[in-house]
Amino acid sequence: MLFSGEGMLFLCKYLVNYEKQSDMFSRSTLFLAAAIIALLMACSPSGSFEEARESINISGLERHVMDLGSDQFMGREPFTEGEKITVEYLADELRKTGFEPAFGDSYFQEVPMVKIRSVLKDPVRIRSKTGSIVLDTPDDAAIISPLEEEMVKVEDSEIVFAGFGIVAPDYGWNDYENLDVKGKTVIVLINDPGLYTCDTALFKGNEMTYYGRWTYKYEEAARQGAEGILIIHEPRGAGYSYNIPRNSSVNPNLYIGSGTGKCRFTGWIAADKADMLLRESGYTTEDLRIKACGRDFRGFHLGMNISLEIRNSIEYNSSVNVAGILRGTLRPEESIVYTAHWDHFGIGEPENGDSIFNGAVDNGTSMAWELAIGKAFSGLRKKPERSIVLLFPTAEEQGLIGSLFYTEHPVFPIEKTVACLNNDLLLPIGRMKDLMITGYGQSELDDYASEAAEEQDRYVAADPNPHTGMYFRSDHFSFAKKGVPSLFARGNTDSREHGKEWAAMMEKDYLDNRYHRTADNYDPLTWDLEGVAEDARLAFTIGYRLSMSDSFPAWNAGSEFKSLRE
């Protein structure tokens, strides 16, 4: 039978007292007893893997979410006082947990950026053959300029419909083939053709590819020489309401580097306004979507011109990634990286009397998840053989900027980075039967996740909404693009207590009413963090097993990232 630490202490005190009271108890006997106690303590479960894992509890999670999601942190926007408070909080927690600074003697990695706030001087005017159309911003169209220019003026730029705005040789697809868009404005559809045809042989069918992401469409339009790009928003293809790009356009946006390789303006147009616009050329959005899904589709000029004027206020500054390291005992140069972004949207337009975007779920719950995992690692008696990195990237909400910067300037070489375990948007709705893997089937990390889930009496499930492209929308994607197998897994679709329909209803309620809004606040009356704790224990288990292994998880055959690792 093994004694607990408290039992050992009691036995020691008993023997010392007994020695004081008995002349017959020799010192040699006492020394022998002490040696036996030391041996028993070495075999005791204190600091064991199981004990470390079970140290993850809701009280610790709740404390972090209450802090990080409070008004005191002012919405955690980069370049603000809210950033300073947030990153110091995280560094202090890493210090207390026993993780050493990741960047020399600092927990902070400087990420140089430019912040641009775009304001349209007047409504956007579109001239057609039959007259003029006015688009009010941001309600009709959400438009910004990524250029480091104080005044961006576009006059009578010819508008071209370019289908989905995709050039994908691997899928035999080119929306820009024989289409001259240099110095012109392109209008494109969101997502990719697979979603709207339900043809699994077309791209990946219902699952969004990176070609369907708005970030790719902006990049490709710039590569084609377009002056501007407008994406037609519709909730199914985007995975969120028009309110999301609308709000992003009225807030400052962050970028790395100069404005080279970017369009002069970028943005979204609301679906009803796009229909109104396209009818001037004799089309509807649905007409063009059907045409654009055909392999014989070719883009064309709409017979319209757009004019607008944008005033940019520009600020050069640096934000920081926050990271700490628990160095491995045997292979310290190899690392497992946990990620959860710290940033949110700060203080913005008031909604229902509240102007602070606290981001308690996005991403307070995930930061608490990561800090709890770090504390569990530091409590291990037998430390991991590979190094553990806790990384809290900046500017995830602005296009994964912090994690992209880290993968270009990593603490440990990318080829020695074993895996990335990321989380984002952990809903506080209790324990779940499922472990939903976003990007299921990509790598052998699914096998690690499946084994750990089975031990919790859970099952692995693929994301039921792969069309929303979540695999490309959080920090693990920065690592995947560098060839590092990356896991984004959380309980999400099947409540142990209430079932699947209820879980789906809860997720929809969050996305519709709180996601990227001032209403994303901690609520002690409705929140249940037991599921977040269970997810943290699972992620700790996966990371621990990876840290004690001498092999590297591989990408599965068919993954677009496999060749990058090899």
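Nothing in this text is a laboratory measurement; each read-out follows from the coordinates by a stated rule. Predicted model, so just to flag it, every value in this text is computed and none were measured. Glycine gets a Cβ as well: all are built from the backbone with ideal geometry, and neighbour counts include every protein chain shown.
Things worth noting here:
- Which listed pairs, of K96/K508; K182/K482; K204/K508; K129/K291; K273/K482, have C-alpha distances above 27 Å, in listed order: K96/K508; K182/K482; K273/K482
- Overall dimensions of the stretch 458-529, expressed as equivalent-ellipsoid semi-axes from the Cα gyration tensor (√(5λ), whole Å, largest first), are 25, 17, 12.
- Within-14-Å neighbourhood charge of G98 [Cβ basis; K, R +1; D, E -1]: +3
- Burial ordering of M304, M208, M66, fewest other beta-carbon atoms within 10 Å first: M66, M304, M208
- Volume per residue for the stretch 116-314 equals 108 cubic angstrom (convex hull of Cα atoms).
- Phi angles across the stretch 452-457 convert, under the Karplus curve 6.51 cos²θ - 1.76 cosθ + 1.60 with θ = phi - 60°, into 3J(HN,Hα) values of 5, 5, 4, 5, 9, 6 Hz, Gly and Pro given as x.
- The mean sequence separation of alpha-carbon pairs under 8 Å and at least six residues apart, normalised by the residue count of the stretch 116-314, gives a relative contact order of 40 percent.
- Most to least packed among 138-144, 471-477 [average Cβ atoms within 10 Å]: 471-477, 138-144
- Contact order for the chain, expressed relative to its length and based on alpha carbon pairs under 8 Å spaced 6+ residues apart, stands at 19 percent.
- Under-5 Å amide H pairs with L435, H placed in peptide plane, nonlocal only: Y459, V460, A461
- Length available on full extension from E415 to S48: 0.36 nm per residue minus the Cα-Cα distance, which gives 129.1 nm.
- Derived scalar couplings between HN and Hα for the stretch 168-184 equal 10, x, 5, 10, x, 10, 8, 5, 9, 4, 6, 10, 8, 10, 4, x, 10 Hz in order, rounded to whole Hz, by the Karplus curve 6.51 cos²θ - 1.76 cosθ + 1.60 (θ = phi - 60°), x for Gly and Pro.
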